[in-house]
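Student: Please see the structure below; I have some questions.
The values are calculated or read from the model by the stated rules, or taken from the named source; none is laboratory data. Remember, it's a predicted structure, so these values are computed and weren't measured experimentally. As a convention, Cβ positions derive from the backbone with ideal geometry for all residues, glycine included, and neighbour counts pool all protein chains shown. Surface accessibility is based on the protein's heavy atoms, side chains included, excluding ligands, DNA and RNA. Shrake-Rupley method; radii C 1.70, N 1.55, O 1.52, S 1.80 Å.
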Amino acid sequence: MAVRVEDAEGVRTITLDRPAKRNALTGAMYGDLREAIRGADAEPAVRALLVRGSGADFCAGNDLEDFGPEAAARLERGEDLPVMALIDTVLDLGKPLVAAVRGHAVGIGTTLLLHCDVVAASETAGFSLPFARLGLAPEFASSYLLPLL
């Protein structure tokens, strides 16, 4: 499983666990993240959430191999992509969200951090928002939140 979930002492730790792909997110991982966050929000014993990456990097953003014809077909059918469900879940979260970042945080790996209550970044952390270079609109309110922060 590419998303590991552990509960201990009131903290749900969510680990992105695809180090060979620098923890790039797939559609399935978005679903797993959403369920881990929703479950923590509904569980009284969980008082806070911690998100981290395994290996040398936090998250390399979207796994572009996962955004092929199926993603285009979902959009044509008027369905939301899994990332949208995750965004809605993070925005509705009623508990503190903390991130531990080392290595690369790219795209959604950076924009997710803008919605955390606390971000601890190691000396190896690097942040990148390649939207403009890729001809994409910034996601997850990043163009609004970054100037505020």
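Student: Amide H to amide H, which residues 5 or more places from Val119 or on other chains are under 5 Å from it, using H placed in the peptide plane?
Tutor: Ala99
Student: Determine the calculated [θ] at 222 nm for the chain from helices alone, applying -39500 (n - 2.57) to every DSSP H run no shorter than 4 residues and normalising by the residue count; nearest 500 deg cm²/dmol. Write out the running numbers ahead of the final one.
Tutor: Numbers: 6 runs with 50 residues, N = 149.
That calculation yields -9000 deg cm²/dmol at 222 nm.
Student: Do any GluC sites (Glu not before Pro) in the stretch 74-133 lie in a loop, going by DSSP, with at most 12 other beta-carbon atoms within 10 Å of their beta carbon, and if so which? Intermediate results must be reported in sequence, preceding the final value.
Tutor: Details: sites: Glu76, Glu79, Glu123; in loops: Glu79, Glu123.
Those that pass, being in a loop and sparsely packed, are Glu79, Glu123.
Student: While we're looking at this one, here's another question. On the protein heavy atoms, probe 1.4 angstrom, tell me the percent of accessible surface of the stretch 58-149 carried by carbon and sulfur. Kindly include the intermediate steps, with their values, before the conclusion.
Tutor: On the way: 3110 of 5350 Å².
That share works out to 58 percent.
Student: Tell me, what is the FRET efficiency for Glu76 and Leu145 to the nearest 0.05, using R0 = 30 angstrom and their Cβ-Cβ distance as r?
Tutor: 0.50
Student: Ok, one more. Could you give me the radius of gyration and the Dmax of the chain, taking only the C-alpha atoms into account and expressing both in angstrom?
Tutor: 14.8, 44
Student: How many angstrom lie between the Cα centre of the stretch 50-70 and the Cα centre of the stretch 128-143?
Tutor: 16 Å
Student: Moving on to the next point. Return the inverse of the average 1/r over all pairs of distinct C-alpha atoms in the stretch 24-74, which is the Kirkwood hydrodynamic radius, in Å to one decimal. Before the final figure, lay out each step's value.
Tutor: Values: mean 1/r = 0.0778 Å⁻¹.
Across the stretch 24-74, the inverse of the average 1/r is 12.9 Å.
Student: For the chain, calculate the relative contact order in percent as a whole number, restricting contacts to Cα pairs under 8 Å that are 6 or more residues apart. Present the calculation step by step, with values, prior to reporting the outcome.
Tutor: Numbers: 265 pairs, mean separation 32.6, N = 149.
Result for the chain is 22 percent.
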